[in-house]
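Values in this text are rule-based calculations from the coordinates and carry no lab data. What you see is a predicted model, and the numbers here were worked out from it, not measured in a lab. As a convention, Cβ positions derive from the backbone with ideal geometry for all residues, glycine included, and neighbour counts pool all protein chains shown.
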Amino acid sequence: MSDSDKYPADSGRRRFVKGVVGGAALAGVGTTGAAAINSATTSPGAGGGPTQAYAIENTGGPAPRGMPVIPIEIDGEGFIKGVWPEIQTITQGGVEAQVAQTDDYKGTGVTYSQAWFQYCGVQSYEGMAPDFESDNYFRSDSGGYEWQQEVYSDGDRLNVNDFDDYESWGNGIGRAGLGKPATGTWRSEDTEDTMPIQVLRSSRIEEAAQDNDFLAAATDQGVIAWLNKCTHFCCVPGYKQAADAAKFNAEDGVYCQCHQSVYDPFSIVQTLFTALPRPEE
Ligand code: FES
């Protein structure tokens, strides 16, 4: 990974996450308002550039910032899909380029852009082409939790009804009852690049969404999702997946085994980072 992926992230996190969120958890989300978001988002999409994303907060270890949230929707049969932004044509440096970007996402004032995911090589994945053909459903992967292996075959779509025991679920790591997780993939059908995602259904998210516009728009029935690529050196972390997480106070959080970064899936914050450009098409 190049230095350019890490360098701006540090300053972004200091300027925005610390200042905006402070010690607050979900109650602090969104306090900067739309003006701050717009002024920071000057060059999203194909060329990358400064990008304001919503993320699950990084609370420990060397990771420079949180992992970006993927807004979700649940269809009439309960299947969970990640929302892909609208395809737009923009002019960047005098050249026309396609980007997937939704301005004022569901009336929240948030600019939701594919640039949120342009780091760690993901910017070059086939699924990051704005017009990549996908139904955008999350699909269960073979590395998931025991319950997933019992319920799903590899590639089955995640369904909210399979999370019905989310208020009591536990697996012996940390406290039970905080929420029920799953791992999966997104926009990766028939590609060589697998985009890893994590989903968590939790009553904490349900409650937080009641008085937060962005969470209300980006989650449903307590289900939140994020791109599961550690912002440090791109490993795939896990929520309650590693027994040694407790040594780093991460048994109830999202823990990256590579270098012990910790993320809090119940604290959604704004982060500023420099998205890497997608390759020329
Ligand atoms: S902590 Fe280094 S890759 Fe996650």
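Points worth noting:
- With a simple spin-label model that places each label point 7 Å from the Cα along the Cα-to-Cβ direction, the separation between C258 and D135 comes to 3.2 nm.
- Centroid-to-centroid separation of segment 52-89 and segment 143-219 [C-alpha atoms, Å]: 12 Å
- Fewest-first sequence of I74, I205, I268 by Cβ atoms within 10 Å of each Cβ: I74, I205, I268
- For segment 123-256, projected area of the alpha-carbon convex hull averaged over all directions, nm²: 8.9 nm²
- Residues K81, K106, K180 arranged by fewest to most Cβ contacts within 10 Å: K106, K81, K180
- Dividing the Cα radius of gyration of segment 224-274 by its Kirkwood radius returns 0.95 for Rg/Rh.
- Cut-off 10 Å between beta-carbons: net charge of the residues surrounding Y112, Lys and Arg +1, Asp and Glu -1: -2
- Per-pair calculated FRET efficiency, R0 = 35 Å: C234 and I87 via Cβ, rounded to 0.05: 0.85
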